[in-house]
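Everything below concerns the one structure shown next.
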Amino acid sequence: MDRRTATVAELVRRAAEAADPAGRDPSVARLQVQLEDDDEPVTAVQNLEERLALAAEGADYDADDPGVAVATAVVLYLAGRGGQPDYDRDPDELIELAIRSQWHGDPPDYVADWLAAR
């Protein structure tokens, strides 16, 4: 079985779909636009966290934007598990797993508030 490695753009798209399924969060949309042409395999990126931070900065979002923080956590979670964007289970479960991985189950207050309001 030959599985192609996902690109950064594919994982960002999957993360945006999970964090903002209705497509209403302009900050998440800007993050996705910043990386939509990044066709580098996610496993080839030496510092994915830094690349995401630079893209988020370029998207000019509020540093405490929970949608972007969660989308970034989802990208890092998927990348850490081989970079497969075809996570086919509940998006809320994906977010929960990403939060557990990124913040050890204790997200910042602004993320916790965002989750409670979902």
* Within the range 25-38, can you find the residues that are surrounded by fewer than 20 Cβ atoms within 10 Å (Cβ to Cβ) and among the β-branched types (Val, Ile, Thr)? -> 33
* Selection within the range 1-12 - open to solvent by less than 100 Å² (accessible area, probe 1.4 Å) and over 20 Å from residue 103 (Cα atoms) -> 5, 6, 7, 8, 9, 10
* Asked: In the range 1-38, what residues are in a helix (DSSP H, G or I) and of a type in the set (Asp, Glu)?
  -> 10, 17
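The values are calculated or read from the model by the stated rules, or taken from the named source; none is laboratory data. Treat the numbers as computed from the prediction; the structure is a model and nothing was measured. All Cβ positions, even for glycine, are placed from backbone atoms using ideal geometry, and neighbour counts span all protein chains on display. Quick note on the areas: whole protein, heavy atoms, side chains included, nothing else; ligands and nucleic acids left out. Shrake-Rupley method; radii C 1.70, N 1.55, O 1.52, S 1.80 Å.
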